[in-house]
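What follows is calculated from the coordinates using simple rules that are stated; it is not laboratory data. Predicted model, so just to flag it, every value in this text is computed and none were measured.
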Amino acid sequence: MKWLAALVPIVAAIPANLPDVNLGEAPPAGQVTIRGVTYGGTGCPQGSMSSQISADRTTMTLIFDAYIASIGPGVAVTESRKNCQLNVDIQYPGGFQYSVLSADYRGYAAIQKGVTGTLKSTYYFSGQTDQSSTEYTFTGPVTGDYLKHDQANSTSVVWSPCGATGMLNINSQIRLASSASASTGLLTTDSTDLKFTQVVYVQWQSCKK
């Protein structure tokens, strides 16, 4: 899988000084696997996404090749908002459950005054009504690379079913809005290769008996 070679430096670039969190009691090594990922949306046409779960089972990285929102004169209104629906089939041992703890957004923004950009992801598990979300907002003028770490207070209470499989659903979107018709904006997440990268952090706990 050729995309793995490109993924390694992106993961290594995540800063080590993340907020202190209690990841709880995790399943034994080697007992958590992603059985498959399906996806679709204007920001992730088929063949444009890659995924990887870390060896310590605490992070999952999603890389999109075509997740770019733009706004401005002559730009179709449909380009101002892109979305992607992901369904991640995760297998893990009975007696454990996990929740999404936080997320990192990495990339590039070129937003003029009068333009607002938003990165948002909503997480939920199939068969459950509870949801959690992480979100970051840019207010123009903003130009340059960024790496943002968002941690939602509500995420720790939205838990997956207790083993052995749990379908994690991620509904993500990037969007731009303008209060001035002549203003322009571009929002993506990697200024070099225009790839949208999101790292999802999870926490584990033993199921209550």
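In table form, for the structure just shown:
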read-out	value
Solvent-free Debye scattering, log10 I(q)/I(0), computed from the Cα coordinates of the stretch 47-117 at q = 0.15 Å⁻¹	-0.73
Extended-chain gain in nm, criterion 0.36 nm per residue less alpha-carbon gap, Lys208 and Arg175	7.9 nm
Cubic angstrom per residue, convex hull over Cα atoms of the stretch 26-206	113 Å³
